[in-house]
Structure formats: C-alpha cells, structure tokens
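The values are calculated or read from the model by the stated rules, or taken from the named source; none is laboratory data. Values in this document were obtained by computation on a predicted structure and should not be read as measured data. Every residue, glycine as well, gets a Cβ built from its backbone with ideal geometry; the counts of neighbours run over all protein chains shown. For the accessible areas, the whole protein counts, side chains as well, though only heavy atoms, and no ligand, DNA or RNA atoms are used. Shrake-Rupley method; radii C 1.70, N 1.55, O 1.52, S 1.80 Å.
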Amino acid sequence: MPVPSVTTSAAGSLTLLEDEDKDVRVYALNHLLVIVGQFWAEMSDKLSYLELLADPMSKELPAESRPQAALLISKIYYYMGYLDEAVEFALKAGTGFEKEKEGEFRQTIIAGCLDRAIEQTSRSEKIDPALSNIVDSVLRSTSGENGKLAMGLALSLRRLDLVEMIYLTSRAPSQPSTSAQGAKSQASRPSHDEGLLRYVLSEVVSGASGNESWSEDFRSNLFNLLLRLFHFNPTPDWNSITTIWAQNYDIDSAGDALIKLINESNHLDAYQIAFDLNEVAPQAFIEGIRKKLSEKDLAPPAENQDESDPKVILDNILRGITSAELFLNFLNKNNKTDMSILKVTKETLEDRYSIYHSAITFTNAFAHCGTVSDKFLRENLDWLGRASNWAKFSTTAALGLIHRGSWVNGVRVVKPYLPGGSAPNKFSEGGALFALGLIYAGRKEFAEEELKKGLGEGMDPIVQHGAALGLGVSAIATADEEIYEQIRTILFGDNATAGEAAGYAMGLVMLGTGSEKALEEMLSYARETQHEKIIRSLAMGIAFVMYGQRERANGVIKMLTEEKDAILRYGGMFTIALAFAGTGNNKAVKKLLHVAVSDVNDDVRRAAVTALGFVLFRNHTQVPRVVQLLAESYNPHVRHGATLALGISCAGTGLETAVELLEPMTKDPVDFVRQGAYLSLAMILIQQSETSSPKSASIRELFAKVVSDKHEDPMARFGASLAQGIIDAGGRNMTLALSTRAGTLNMNAIVGMTLFVQFWYWFPLAHGLGLAFTPTAMIAVDEQLKIPKIDLTCNAKQSLFAYPSTEKKVEEKKKDKAKTAVLSTTAKAKARERTKKAEAGESMDTDEKEDATTDKPSTAQKKKPSEPTSFTLPNMSRVTSSQMGYITFPTNGRYEPIRPLAEHPTPISNKGSGGASASGSIIVLRDTKSDEESNGEYIELDKSLWPGTGAGQVAFTEDQAPEVPPTAGATQGTTTQVQDDEEDIEPPQPFEYPFED
C-alpha cells in the first residue's frame, strides 16, 4: 500500500521531537514549523515540552535551533488567539522571527511588538533590546510613502533619534518646472520632505496624538530638534519656526533670528516673523524680544522717529500697532452690519426692562465690534437715556467692544465717562474703565495709569469693579506683580462688588503662570470670605492661573473637586477646561463626564458639560457624539451645558451634525436651554454662507422670530438677541476661533469665551466674548507697509464664502378670486343641464376650466446661468479661515508673497488652513519691480481712525491729546467709511450719552 503524500496528522513529528538523536529533533521541529498552520491544535498539547526545548539553558536542542522552537510556540499561541504570549515567544525567537517571511502572522506580531513598545514607553519603562531591534527594523524599512506613519510611531516611542533619521532619509517631492524662475527656485528647494516636520509640529501643537503624557523635557527637546531640522532648508519655513518659538517660549532664538535678518537687510522675512509672533505669542514673549533687540541697538529712537526706518517698522509690528491700524481700517471699511436687524430688535424688546436693554446693548456691541461705528447709538439717544444702574454700566462698557483696537482714539472715546469726566455717574464711570481695558486688551501700557487711578481707596466699589476688570483684561498674562498686588488690596477689602471683579482680574493678570503664591492666596481667601460672588470669581481666577498647565494642574484640580463648597467645585471644572484646553486629554474628559452625571449641584454639572467644549475643540467633530446623551438629560442644566459645549467646540465650523443636534433644543420646554441653543447656533454658523451651511438662513429667521415674539420667555429672547449680534460679529467680518492659524491656542479667544459663559451670574461679563472675536482678513503689504491695489484669485464658487444676503424676501400673495354665491337649487339645475349636454356629446365651457388654464405654469422657464468656479477679490478683503486654502496670488504680477499660502484647499468643516504651515492674516509682499521706481496704486487708510504723524504715536496723555470735543463718538463709524463709489457724507454732530443719575 503506497504511503500518502499528504500529511494528515502531526503525531509522527511530535513523536520524533522526543527522539534521543538531536538531529532527528531538529528535523521534526522544522517539519512542525511547516505544518503548524494546519495542526496547531494537536501541537498545543505539547506546549510545555516545546517551552522546555526553547529554554536557553536547555540541552535538548542545539543552540542555533532553540529560536526555531520559540518561533513554533509563538505560532501555536498565535493560532490559539493568545497574542501577548505569541509576541513574547516571537521576541525570544530573535533571528528565527527575523527570517520569517511576510504574511499575516508576521504583521500581527510586529503590530503587537509596536503596541508593547508604546505601552512600555508611556509607563517610562526600559524597552527590551529584542523589542527595540524589531521596532528599529520596521522604521528603517519604512518607505517614503509611509513617512508620516513612521513619524507618528517614532513620536509614540519618544525616539528623537528616529525622528531625525526618518527626516534625513526622506526626499522632497519633485516639482518640475521649465521656467527660469522655477529652475532658480529648484536650487533653493529643500532636499528633504519638510512636510514630515510640519506633520510632527501639527501633532505636537494640536495635542491630538496622545502627547499629554509627554514630559516637559521631552517636549522641549523635540521643539529644539524641529528647530534645528527646519534650519537645514536654505530658505527656512519661518512660519513653522515662529510656532516653535511661541510653543517653546524660546525668546533667545527668536530674538537672535530677528537680529540676524535685520543685520542682513532681510527686512521682509523679519516683518513677516514679527506679524506672526504678534498673532500667536503672548505679550510677555513680545516684550522679551523687544528687550533683546534693544540690547543690540536695534530698538527705535525715543524721539524723531523715521517711519521708513526698519527699526521703527519692526517695533511697531511687534507691539501690534501696525496690525491694529490695518484691522481697524479693514473692519470699518468692510462693515456689513444689517442695521435693520438692530432696529427691529430695539423696537420689539421693551427697553424698560433691564434684561432687554442689556440684550440690545450686547447685540449692538457684538455686531459692531472693532468697527468704531456709533451709528446705532447716535440714532437712538432716547433709548440710551433709559439705561439705569448696571444696564448703564454695560452700555458704557460696550464702547470698549465697538472701539476695540482703536488705540489712538480709545482714551478720547471714553474720556467723558471716566472719573472726573463731563458725565459723572458711578455706573458709567465703572463701565468706562472696563471699556478702556477692552479697547487696549493685552496692551496695558496704553491704559495702565488711568485704570490704576480707578482702583484708588476712595473710589466707589462700582468704579473699582470696572477698573479691576479693565486692568485684568488689559494686563492679561503679563504676571505683573505690582498690578496683581494692587488688585489684591481691593479683594481684601471684602466688598462683594469690588471683590468679585478683583477675583477675575487677579486670575487674568497671572494667566497661565501656575503661580503657587497666587493660588495659595486666592484659595485661602475663597475659604474665608462669606460672599458667594467673591468665592466664584476667585474659583474662576484659579482656573485662569492654571491655563495651559496640563498635568501640573492635577493637584489643584483634585483639591477643588473634593471641596464641600459647590462654588469651588464649579471652579474646578473650569480649571480642567483651561488647563487641558484643546488637548483632548482622555483623563480630563472622563473626569468631566463623571461629574456631569454624579455631582449633587446643578451649577457644577452644567460647568462640567460646558468644559467638554474647551477640552475637545480640536476634535470638534467628535463632540456631538460625546454630548448626544447629555443633550437628552432630564436635568435642564446639563442640557444647557451640552448646548454651550457644542457652541464652544464647533465655533465657526458650521458643523452640520452639531446644528442638527441643537435644532430640536430650540424647542426645549425650559427657557435657558433654548437660550443656550440660540447662542451656540450663532457661534457655529458665524461667517457661514447659505451655500456652505444651508440652514444658516432658517436659523437667522428663527432668531428674528423669537426676538419679536412677545409671548416668548425673556431669557430665550435675551439669548436670541445676543445670537443675532454674534452671528454678524464685527460687521460680519469676525469669527470665533479658539486656535490661531498656526495651530496654537488662541489665548484671548479661550479666556474671552470663558468670561462670556459667566454671564449666567453677571451680565457685564458677556462683554468678554469681544476678546474671542478674530478678524478674518487678507491684507497684503509691501516693505513700506503700504497696501498695494492687487486682485487675488479665489479658486472656489463665490456663493461658498459670500456675505449673508440683506435683501428681504417678499412673498407675493395671489388675490383669490371671490367665489360667487350659488344657491343649492341653481347648482342642481346646472348639474342636470351639464348631464344632458354630455349625453348629447356637446362640451360646455365653465369658469372652473378657465381658472385651470390660467394656473398652468409656463413650460419655457429660463435656466439659471452656472456659477463660475473662481472669482477675484481685492486686497484688504474678508477671507475666512476655510477660504484661505483657495486663495492664490497673481502668478506673473508685480508682487509675490515672500512665502506661499496653504497649498491645498482645506475642507469647509475643518478649522484652520493648512495646519502648522498656514500663513497669517497679514502677508508681506516682495515687489519685483522696486528697482524701476514705478509708482504703484495703493489703498489709502482712513487717517481719522488713526490720527498722528506716524504709526509710532499711539498713546496720548491728557496734555498731548488733540483738541477735540469730549464726545463719545470721536470717530464717525460707518459714516466715514472709505467709499469709492459714493460721495463723502457729512458727519453728524458730536453727542454725549444722555445718562442721568
């Protein structure tokens, strides 16, 4: 009988494996490796004996065959489904596994090895050498197409050497060009793929790759490595480098680079870096760079400054003066506020009620934020005069938002209402001081003296309240000890009104410092005082101090969340929100969700759900799914928190799933839940056209309907009114974005949003939202910071990024033809007659037949022309963050940007443009014909918005201020807009707010 050629059992080989001859055992082992996929179940009974053979100390097999035994065990465990044991014995197999051919087994084991290595790294354990060898071999064999995958793995393993190796072995994508200019640029193009470095930078900045567990030393070393690798490029990517400086707080490197560029007369790159730093870096960082420049004699002269001097230009850019003037002109010139909305809202809401008066105040302040337009106020002086008490405070403070960034005229605008002014009233005086802080937000040097006066001992607590808030906003994140101590003195006075503002202000001044001294003082006083207002403001102040501190805030968070006082636990929720803002930290999210469903206090639960929006805003597409069940909670406070979490995280994105989740909540039976839904819908749909977000038109109509409905609850009408201002913020030229174009956290926006949420307890804090608004403009300037008249191309349909239509849809009502009364006897007679005619074969024309023929639509309908796929827009136009990826400059024009914009269009739903490599709002241009002395055309700025002989003259003292009437409307708003097609309009007469004591 012939021997079968097909193996039907592993029993024979397993028996040979126990033979006395080692060579027979080796033969049996090799045969078992071949058939293990078919007979692993039989072999599993011999696992204990196989493990004995694989033991390095065993003499049963030759040393070179023991790895084969370990490999066999690994395969058996693999087929049994025990992957951890399979990985363990694959590592023991060593060279045996390395020789294993490609297949599912090898891929699974490698994936398990990588997971094990990442897990050991996260636990700060030393990685086994065999495991490290497998990981290194995987990374070294990774092709260029999987470069980002390899980079991500190297980051997870915290292997900086592998990050450098992957970049240095990469090759830049080829971009052939036949032109001479293309050949020239080819020589300066980097040889390595900088896209990998930008990918790493975006992952580090975004916090989306589980990097919350990284130590500060590793993070700093990674930034230093990226900085060094970026400098390998002959023409460095300064935008990415700027982001690294800001993230790593590397003042020395930033200062040295600017000094080198100025000394090399490379002014264009220096100016662009300064613009970008002004956008992404805090105030203290900028001051450090200016100090470093002054040490190298690169500071501007104190007197007789020349506007064309590069030192003066650079200093003005760093201080934010240049960008403030450009944005102020942009917002004023392009103001598209629909005044009819404000008019209808004012006529509908009964301003004799304080809540409605405040609603109109905030709506107007948001809609005209930064536009310096006083038109609405001038036309409604009688309405202004009806403000009383804290509504008067809010109305005066609204000037700060309307004139935000008007650094030259700012003091003159509020001067009549400051203490000692021509309109004495303690509420308007306090509001004017708060307004002063809002105008000079983040620029304390322009208003510090006036605000400190308002904190004087003899001042009314209401005035001190406004001064403390103004000082906190203007000196935000400066860590100025003198200001902090002066505000602390007000706190220790234990007055509920002044102390409340002091608590917020102390946190704002020490924002993000993690100061132990400040934390100890604020927490101890919060436990001593009996005033709930002061306790709440101190709890929020502690949250501000821990802004961006991540794991370093865990001790403070644990302390606050275990407090018996619910107000301090409330502060603990916002401490989590600000400490882990934008990180998506899983532990933080888990903690917030736990508190949201377990805490006994409704305010704490609401705060916990709201905080989810801050933590998860970089992963905003996941937020609707996270809060979906919370939005259906029985507790209305949790539902309100869910609305705000959606609004905060998805602000400016137009995310459809978020809108769909919020729409049913606009019909919630509880008024403040509807209020939150209206506010959040406005935040999400800000700057969204009807094409990009089809529901934006119906949502706007909903706001108008709720505001005009006199039977609606006041809180819901208040929310709908504010929503009308938010969705049209800054004349429809501002957006809400919690991260900058460079991907870094937008400190002002996060803090402003946090303050705004506190309006639940204190309406004037709603003005904080003005800090969160960011102009969306494309302003291109040349070396002299002039704005050339050039046309940019947007490679998308114009309707995608169009302003909302202001035309009112008029529905023509057809007049129905009055029906003739017909008696029943007449109807019966006509029916009999029609029957007889029909039987006779005759037809009878009736009125119904005529009507039927007239109602038929015409068959020949005109077809709408198809919309062009691109359009042009002039310099200094609105360009939204999602639109930035579609913008291109003229290819063969006179001007070219010193670096390209985002190369690929960014999806509409994605915030930011081009990740970490996207350019900022102000672009510096290189003039290719500057040597020819050809005179180009430039856009003229409105000098009335920024009077003075040069950009360096900003802050006026009372003695230096020009002789002008002390009016609240020193600038003319929309009436002085630069209009090419219309004649200049005579400005209205100066006025003062008719406030009465």
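Between Asn892 and Ser340, the FRET efficiency estimated from the beta carbon spacing at R0 = 35 angstrom works out to 0.20. Using a probe of 1.4 angstrom and keeping all protein chains present, the accessible surface of region 318-462 works out to 28 square angstrom per residue.
The string of couplings for region 684-696 from the Karplus curve (6.51, -1.76, 1.60, θ = phi - 60°) is 6, 9, 4, 6, 9, 7, 5, 6, 6, 9, x, 7, 4 Hz, one whole number per residue in order, with x for Gly and Pro.
The share of accessible area on region 31-164 that comes from carbon and sulfur is 50 percent, using a 1.4 angstrom probe. Loop-located GluC sites (Glu not before Pro) in region 69-111 (DSSP state not H, G, I, E or B) with no more than 14 neighbouring Cβ atoms inside 10 Å: Glu102. Taking the convex hull of the alpha carbon positions in region 441-553 and averaging its projected area over all directions gives 6.2 nm². Counted by Cβ distance under 11 Å from Ser689, the other residues give a net charge of +1, where Lys and Arg count +1 and Asp and Glu count -1. Within the set of other residues whose C-beta is less than 12 Å from the C-beta of Phe773, count the net charge using Lys and Arg as +1 and Asp and Glu as -1. Value of the local net charge: +1. Among the GluC sites (Glu not before Pro) in region 319-357, those placed in a DSSP loop whose Cβ has at most 15 other Cβ atoms within 10 Å are Glu350.
Two numbers describe the Cα atoms of region 301-393: Rg and Dmax, which are 19.1, 56 Å.
Using the Cβ-Cβ distance between Glu104 and Ser215 with R0 set to 41 Å, the FRET efficiency from 1/(1 + (r/R0)^6) comes to roughly 0.65. The distance between label points at Asn795 and Thr691 comes to 1.6 nm (points 7 Å beyond Cα on the Cα→Cβ vector).
Couplings for region 33-49, taken from phi via the Karplus curve 6.51 cos²θ - 1.76 cosθ + 1.60 with θ = phi - 60°, read 5, 6, 9, 4, x, 9, 10, 4, 5, 5, 5, 4, 5, 9, 4, 5, 5 Hz in order; Gly and Pro are left as x. Distances between placed amide hydrogens fall under 5 Å for Leu792 paired with Leu873, Asn875, all partners being 5 or more residues away or on another chain. The length gained on full extension between Thr835 and Asp23, counted as 0.36 nm times the residue separation minus their Cα-Cα distance, comes to 281.1 nm.
Here the 3J(HN,Hα) profile of region 83-95, calculated from phi with Karplus coefficients 6.51, -1.76 and 1.60 at θ = phi - 60°, is 6, 4, 5, 5, 5, 4, 7, 5, 5, 5, 5, x, 5 Hz, Gly and Pro shown as x. Qualifying trypsin sites (Lys or Arg not before Pro) in region 552-598, where qualification requires a DSSP coil assignment and no more than 16 other C-beta atoms within 10 Å, comprise Lys564. Cross-linked pairs Lys260/Lys296; Lys667/Lys710; Lys148/Lys587; Lys336/Lys415; Lys333/Lys789; Lys591/Lys667: Cα-Cα separations exceed 21 Å for Lys148/Lys587; Lys336/Lys415; Lys591/Lys667. Counting protein heavy atoms only, region 542-656 has 52 percent of its accessible area on carbon and sulfur, 1.4 angstrom probe. Scanning residues 5 or more positions from Arg926 or on other chains, those with amide H under 5 Å from its amide H are Glu896, Ile898, with H placed 1.01 Å from N in the peptide plane.
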